[in-house]
Amino acid sequence: MQDSSPLPPFSAVVVAAGKGMRAGQPLPKQFATWRGKPVLRHSVEALLDAGAAPLVVVIPKNGEEATAEALSGLHGWTSVVGGEARQQSVANGLEALGSSDRVLIHDAARPILPRAVVSRLLHALDDHPGAIPVLPVVDSLALDEGGIMAGSAQRDALRRVQTPQAFRFADITTAHRAWQGDALAGDDAQVLAAAGGSIALVEGDERLKKLTYAEDFVSELPPVRIGSGYDVHKLVAGEELWLGGIRIEHDKGLSGHSDADVALHAIVDALLGAIGNGDIGSHFPPSDPQWKGASSDRFLVHAAKLVGEAGYRTGNVDLTIICEAPKIGPHREAMRQRVAELLGVDSGAISVKATTTERLGFTGRGEGIAAQAAATVIRND
């Protein structure tokens, strides 16, 4: 069940200072692409959306450029260079925060961060100086001595530990400053426990798994998804006619809050439908004055961007325009080229067709133009 209770104010440290080369990527895994965007960006976006302020990203030496590229366009974060080991990196991040009440410390290699886990952690701090998300151990356990089973362990009392881990800021900062143990400390709960702090266990989430090996970067998304879109706009005198991304000379134009390009609007909805991300109205509501008269090119480019962020690329688009006039045939190639340009694909992936309704209905009477589109998106492997 989704936890919808309000979140207390909190800050966050995202640890992204490791080399991460076991993942078999050409660059540290926190900067590698996973499901359409850098691994680091997933959790930073989730924490910022949940209200983390301030948020510090702990980065590797000389990692400023890679971090800026991975988090381009995001606001509300700063960075600090980490230490030689994880404990030192976290300590650097905490010092960079300055002060706070509650803080989450999260590993960038865990890109999916459910809000419900964040809520459980922060509320657990009402009664404890620290809280960590855990999951039960479901497999049997064996003790290994030189490749020979030497005994078993009781799994009922064991838990798998995840991040983010939540702390009262003053307690965890003091504990890190006093830490005398191994700088390779596996998690910050160990640091607080060594200082005498109690750690609450809250329910974790299987989606919080850590990306570690090359196979973790093999996408679990379906290889192909399909969406459909449909749009209608009224033809009126005195308006420009924009259709399929190009302007067509005609005695009437389409009326709408934007430029009313029904063809592009149908394609936008088809792409959004393919990735399960709402419709054109949810992204560009007609009630918002900033979209008045806006070019629908912007809507289509945005939809293509969302497709990429979801881990896909445009496969093909099949567009049908329904009207009595103007004739679409003379403009078909220009439309194909323009749509392909906006989506960043070859024009061969774009089909533009036209039909009439044999003078039946509002399109048959020349009152408006309709368009329907189907689109496929292909997983980025």
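For the stretch 225-264, the set of residues classified as under 16 Å from T314 (Cβ atoms), in contact with a strand residue (DSSP E or B) (Cβ under 7 Å, 6 or more places away or on another chain) and not in a loop (DSSP other than H, G, I, E, B) consists of R225, I226, G227, S228, G229, A263, listed by residue number. When each of A166, A175 is tested for being surrounded by 11 or more Cβ atoms within 10 Å (Cβ to Cβ), in a strand (DSSP E or B), in contact with a helix residue (DSSP H, G or I) (Cβ under 7 Å, 6 or more places away or on another chain) and not basic (K, R), the lone residue that passes is A166.
Screening the stretch 1-56 for residues that are of a type in the set (V, I, T) and either in a helix (DSSP H, G or I) or farther than 17 Å from T163 by Cα (or both) and picking the one that is modelled with the highest pLDDT gives V44.
For the stretch 254-271, the count of residues that are in contact with a helix residue (DSSP H, G or I) (Cβ under 6 Å, 6 or more places away or on another chain), in the same structural domain as G368 (by TED's automatic domain parsing) and over 27 Å from R365 (Cα atoms) is nonzero. Can you find a residue in the stretch 296-308 that is surrounded by fewer than 16 Cβ atoms within 10 Å (Cβ to Cβ) and not in a helix (DSSP H, G or I)? There is no residue in the stretch 296-308 that is surrounded by fewer than 16 Cβ atoms within 10 Å (Cβ to Cβ) and not in a helix (DSSP H, G or I). Restricted to the stretch 88-115, and to residues there that are in contact with a His (Cβ under 7 Å, 6 or more places away or on another chain) and farther than 21 Å from V39 by Cα, the residue that is surrounded by the fewest Cβ atoms within 10 Å (Cβ to Cβ) is A91.
With the structure loaded, tell me whether D127 is touching a residue at least 12 places away in the same chain (Cβ under 8 Å), of a type in the set (D, E) and surrounded by 13 or more Cβ atoms within 10 Å (Cβ to Cβ) or whether it fails that test.
In short, no.
Applying the condition of being exposed (fewer than 14 other Cβ atoms within 10 Å of the Cβ), among the small types (G, A, S) and at pLDDT 90 or above to the stretch 198-237 and asking which residue is farthest from G273 (Cα to Cα) yields S198. Take the conditions (1) surrounded by 16 or more Cβ atoms within 10 Å (Cβ to Cβ); (2) at pLDDT 90 or above; (3) of a type in the set (S, T, N, Q); N62 misses just one of them, which is (1). Put simply, of V90, V137 the only residue that is in contact with a helix residue (DSSP H, G or I) (Cβ under 8 Å, 6 or more places away or on another chain), without any contact (Cβ under 8 Å) to a residue 24 or more places away in the chain, under 20 Å from A193 (Cβ atoms) and among the hydrophobic types (A, V, I, L, M, F, W, C) is V137. Within the stretch 195-206, identify whether any single residue is closer than 30 Å to T320 by Cβ and in a strand (DSSP E or B), and answer yes or no. No - not one qualifying residue is present in the stretch 195-206. Go through the stretch 259-279 residue by residue and tally those that are free of Cβ contacts under 8 Å to residues at least 60 places away in the same chain and closer than 20 Å to I322 by Cα. Looking only at that region, the number is 4.
The values are calculated or read from the model by the stated rules, or taken from the named source; none is laboratory data. These figures come from a predicted structure and were not determined experimentally. Note: ideal-geometry Cβ built from the backbone for every residue, glycine included; neighbour counts use all protein chains shown.
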